[in-house]
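The values are calculated or read from the model by the stated rules, or taken from the named source; none is laboratory data. The structure presented is a predicted model; accordingly, all values stated were derived computationally and were not measured. As a convention, Cβ positions derive from the backbone with ideal geometry for all residues, glycine included, and neighbour counts pool all protein chains shown.
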Amino acid sequence: MFLIVGLGNIGKRYINTRHNVGFEVVDNLANKFNLNWLPGKGDYYYSLGNYQEKSFVLIKPTTYMNNSGIATDHAINYFQVNLSDLLVICDDYNLPLGKIRLRPKGSDGGHNGLSSIIYHLMTEDFPRLRIGIGSDFEKGELSSFVLSCFNDDERVIINESIKKSSDAVLSFITEGIQKTMTLFN
(Lines give C-alpha, C1' and ligand atoms only; values in the text may rest on other atoms or scores of the structure.)
Protein backbone atom coordinates (compact mmCIF):
# COMPACT_ATOMS: atom_id res chain seq x y z
CA MET A 1 0.00 0.00 0.00
CA PHE A 2 1.25 3.46 -0.93
CA LEU A 3 0.26 6.55 1.05
CA ILE A 4 0.12 9.80 -0.91
CA VAL A 5 -0.35 12.84 1.35
CA GLY A 6 -1.26 16.14 -0.26
CA LEU A 7 -0.68 19.06 2.08
CA GLY A 8 -2.96 22.06 2.31
CA ASN A 9 -5.51 23.87 4.41
CA ILE A 10 -9.10 22.69 4.60
CA GLY A 11 -11.96 25.11 3.85
CA LYS A 12 -13.32 27.33 1.06
CA ARG A 13 -11.13 30.24 2.13
CA TYR A 14 -8.00 28.30 1.08
CA ILE A 15 -9.16 26.82 -2.24
CA ASN A 16 -6.73 27.64 -5.07
CA THR A 17 -4.14 29.20 -2.76
CA ARG A 18 -0.45 28.55 -3.23
CA HIS A 19 -0.27 26.57 0.00
CA ASN A 20 -2.90 24.11 -1.31
CA VAL A 21 -1.12 22.72 -4.37
CA GLY A 22 -0.62 19.42 -2.51
CA PHE A 23 -4.41 19.13 -2.16
CA GLU A 24 -4.78 19.94 -5.85
CA VAL A 25 -2.50 17.07 -6.88
CA VAL A 26 -4.38 14.46 -4.83
CA ASP A 27 -7.70 15.93 -6.03
CA ASN A 28 -6.45 15.57 -9.60
CA LEU A 29 -5.57 11.92 -8.97
CA ALA A 30 -8.92 11.24 -7.27
CA ASN A 31 -10.70 12.71 -10.30
CA LYS A 32 -8.53 10.74 -12.72
CA PHE A 33 -9.47 7.45 -11.02
CA ASN A 34 -13.09 8.47 -10.19
CA LEU A 35 -12.44 8.14 -6.45
CA ASN A 36 -14.58 9.62 -3.71
CA TRP A 37 -13.25 11.38 -0.61
CA LEU A 38 -14.29 9.74 2.64
CA PRO A 39 -13.80 10.88 6.24
CA GLY A 40 -10.87 9.02 7.80
CA LYS A 41 -10.58 7.48 11.24
CA GLY A 42 -8.11 10.29 11.96
CA ASP A 43 -8.02 13.97 11.04
CA TYR A 44 -8.08 13.54 7.26
CA TYR A 45 -10.12 12.65 4.21
CA TYR A 46 -8.97 9.67 2.16
CA SER A 47 -9.56 7.90 -1.16
CA LEU A 48 -8.51 4.34 -1.92
CA GLY A 49 -7.39 3.36 -5.41
CA ASN A 50 -5.41 0.94 -7.52
CA TYR A 51 -2.94 1.58 -10.31
CA GLN A 52 -1.23 -1.21 -12.25
CA GLU A 53 -2.15 -3.75 -9.57
CA LYS A 54 -0.76 -1.57 -6.75
CA SER A 55 -2.96 -0.16 -4.01
CA PHE A 56 -2.71 3.43 -2.88
CA VAL A 57 -4.49 5.76 -0.50
CA LEU A 58 -4.71 9.50 -1.06
CA ILE A 59 -4.87 11.68 2.06
CA LYS A 60 -5.92 15.30 2.66
CA PRO A 61 -5.23 16.26 6.30
CA THR A 62 -7.92 18.33 8.03
CA THR A 63 -5.49 19.56 10.69
CA TYR A 64 -4.42 22.62 8.68
CA MET A 65 -0.90 22.86 7.34
CA ASN A 66 1.04 23.39 10.55
CA ASN A 67 -0.30 20.17 12.12
CA SER A 68 -0.10 17.89 9.07
CA GLY A 69 2.05 15.43 11.00
CA ILE A 70 -0.86 14.41 13.23
CA ALA A 71 -2.92 13.17 10.29
CA THR A 72 0.06 11.69 8.44
CA ASP A 73 1.24 9.72 11.47
CA HIS A 74 -2.26 8.36 12.08
CA ALA A 75 -2.72 7.36 8.43
CA ILE A 76 0.66 5.58 8.32
CA ASN A 77 -0.31 3.51 11.35
CA TYR A 78 -3.92 2.93 10.32
CA PHE A 79 -3.08 1.82 6.76
CA GLN A 80 0.17 0.10 7.88
CA VAL A 81 2.39 1.85 5.35
CA ASN A 82 6.20 1.72 5.26
CA LEU A 83 7.88 5.13 5.26
CA SER A 84 9.50 4.29 1.90
CA ASP A 85 5.96 3.98 0.46
CA LEU A 86 4.90 7.41 1.76
CA LEU A 87 4.99 10.41 -0.58
CA VAL A 88 4.25 13.88 0.80
CA ILE A 89 3.30 16.60 -1.70
CA CYS A 90 3.69 20.26 -0.75
CA ASP A 91 4.34 23.76 -2.02
CA ASP A 92 7.81 25.29 -2.03
CA TYR A 93 8.52 29.01 -2.38
CA ASN A 94 12.24 28.24 -2.87
CA LEU A 95 11.52 26.65 -6.25
CA PRO A 96 10.61 28.60 -9.39
CA LEU A 97 6.91 28.67 -10.21
CA GLY A 98 5.76 25.28 -11.54
CA LYS A 99 9.06 23.42 -11.08
CA ILE A 100 8.75 20.11 -9.26
CA ARG A 101 11.43 18.37 -7.23
CA LEU A 102 11.37 14.89 -5.73
CA ARG A 103 13.66 13.80 -2.92
CA PRO A 104 13.89 10.52 -0.97
CA LYS A 105 14.42 12.41 2.32
CA GLY A 106 15.57 15.73 3.68
CA SER A 107 14.92 18.63 6.00
CA ASP A 108 11.70 20.62 6.20
CA GLY A 109 13.28 23.47 4.21
CA GLY A 110 11.31 25.96 6.26
CA HIS A 111 7.95 24.34 5.43
CA ASN A 112 5.74 24.07 8.53
CA GLY A 113 3.75 21.13 7.16
CA LEU A 114 6.90 19.10 6.55
CA SER A 115 8.24 20.20 9.92
CA SER A 116 5.13 18.81 11.62
CA ILE A 117 5.43 15.51 9.74
CA ILE A 118 9.12 15.18 10.62
CA TYR A 119 8.29 15.90 14.26
CA HIS A 120 5.48 13.34 14.48
CA LEU A 121 7.27 10.62 12.49
CA MET A 122 10.54 11.37 14.30
CA THR A 123 12.47 11.11 11.03
CA GLU A 124 13.30 13.03 7.86
CA ASP A 125 13.56 9.76 5.93
CA PHE A 126 10.46 9.81 3.75
CA PRO A 127 9.99 10.80 0.09
CA ARG A 128 8.53 14.17 -0.79
CA LEU A 129 7.49 16.03 -3.92
CA ARG A 130 7.76 19.81 -3.77
CA ILE A 131 6.01 22.14 -6.21
CA GLY A 132 7.39 25.60 -6.86
CA ILE A 133 4.93 28.40 -6.12
CA GLY A 134 7.26 31.31 -6.85
CA SER A 135 8.72 33.80 -4.41
CA ASP A 136 7.39 37.21 -5.39
CA PHE A 137 6.91 38.61 -1.89
CA GLU A 138 8.56 41.13 0.41
CA LYS A 139 10.39 40.24 3.61
CA GLY A 140 7.87 39.40 6.34
CA GLU A 141 5.09 38.67 3.82
CA LEU A 142 5.60 34.91 3.39
CA SER A 143 2.40 33.97 5.24
CA SER A 144 0.27 36.29 3.13
CA PHE A 145 1.99 35.07 -0.05
CA VAL A 146 1.43 31.34 0.50
CA LEU A 147 -2.23 32.03 1.37
CA SER A 148 -2.76 34.09 -1.80
CA CYS A 149 -4.21 32.75 -5.05
CA PHE A 150 -2.30 32.39 -8.28
CA ASN A 151 -2.97 35.00 -10.95
CA ASP A 152 -4.28 33.82 -14.34
CA ASP A 153 -0.84 33.49 -15.96
CA GLU A 154 0.54 31.61 -12.94
CA ARG A 155 -2.54 29.34 -12.87
CA VAL A 156 -1.74 28.07 -16.38
CA ILE A 157 1.77 27.09 -15.24
CA ILE A 158 0.53 25.52 -11.98
CA ASN A 159 -2.15 23.49 -13.76
CA GLU A 160 0.56 21.93 -15.93
CA SER A 161 2.68 21.32 -12.84
CA ILE A 162 -0.24 19.57 -11.12
CA LYS A 163 -0.63 17.24 -14.11
CA LYS A 164 3.12 16.54 -14.15
CA SER A 165 3.10 15.98 -10.39
CA SER A 166 0.21 13.52 -10.74
CA ASP A 167 2.23 11.60 -13.33
CA ALA A 168 5.20 11.64 -10.95
CA VAL A 169 3.02 10.16 -8.18
CA LEU A 170 1.96 7.30 -10.47
CA SER A 171 5.59 6.73 -11.41
CA PHE A 172 6.51 6.67 -7.71
CA ILE A 173 3.89 3.96 -7.15
CA THR A 174 5.12 1.78 -10.02
CA GLU A 175 8.83 2.64 -10.31
CA GLY A 176 9.93 3.90 -6.88
CA ILE A 177 11.55 7.16 -5.84
CA GLN A 178 14.95 6.80 -7.53
CA LYS A 179 13.66 6.19 -11.07
CA THR A 180 10.90 8.77 -10.59
CA MET A 181 13.51 11.36 -9.59
CA THR A 182 15.44 10.57 -12.77
CA LEU A 183 12.33 10.98 -14.90
CA PHE A 184 10.82 14.09 -13.29
CA ASN A 185 13.53 16.20 -11.61
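Looking across region 127-185, the residues that are of a type in the set (Phe, Trp, Tyr) and buried (at least 17 other Cβ atoms within 10 Å of the Cβ) come down to Phe145, Phe150, Phe172, Phe184. Please verify whether Ile117 is within 13 Å of Val5 (Cα to Cα), assigned to a strand (DSSP E or B), under 15 Å from the mean Cα position of the chain (by Cα) and at pLDDT 95 or above, treating the condition exactly as stated. So Ile117 does not fit the description; no.
Scanning region 73-126 for residues that are among the β-branched types (Val, Ile, Thr) and out of contact with any Gly (no Cβ under 9 Å at 6 or more places or on another chain) returns Ile76, Val81, Thr123.
Residue count for region 3-46 satisfying the condition of being in contact with a His (Cβ under 7 Å, 6 or more places away or on another chain) and either under 14 Å from Cys90 (Cα atoms) or among the polar types (S, T, N, Q) (or both): 2. Scanning region 63-89 for residues that are of a type in the set (Phe, Trp, Tyr) and either on the phi > 0 side of the Ramachandran plot or in contact with a Ser or Thr (Cβ under 7 Å, 6 or more places away or on another chain) (or both) yields a single hit, Tyr64.
Counting the residues of region 45-70 that are in contact (Cβ under 8 Å) with a residue 40 or more places away in the chain and either aromatic (Phe, Trp, Tyr) or touching a Lys or Arg at 6+ places or on another chain (Cβ under 8 Å) (or both) gives 3. Among the residues of region 9-44, the ones that are in contact (Cβ under 8 Å) with a residue 40 or more places away in the chain and under 16 Å from Asp167 (Cβ atoms) come to 8 in all. On inspection, Arg13 does not qualify as charged (D, E, K, R) and under 15 Å from the mean Cα position of the chain (by Cα). The criterion of at least 3 residues that are within 18 Å of the chain's Cα centre (by Cα) and in contact (Cβ under 8 Å) with a residue 60 or more places away in the chain is met by the following helices (runs of 4 or more DSSP H) wholly inside region 126-185: 152-175, 177-184. Of the numbered criteria (1) crowded, with 20+ Cβ neighbours inside 10 Å; (2) in contact with a Leu (Cβ under 6 Å, 6 or more places away or on another chain); (3) more than 15 Å from Leu7 (Cβ to Cβ), the one Gly49 fails is (1).
Only one of these is modelled with pLDDT of 95 or more and of a type in the set (A, V, I, L, M, F, W, C): Leu142, Leu87. Name it. Unique residue meeting the criteria: Leu87. Within region 139-185, restricting attention to residues that are among the polar types (S, T, N, Q) and in contact with a Lys or Arg (Cβ under 9 Å, 6 or more places away or on another chain), the residue that is nearest to Asn9 (Cα to Cα) is Ser148.
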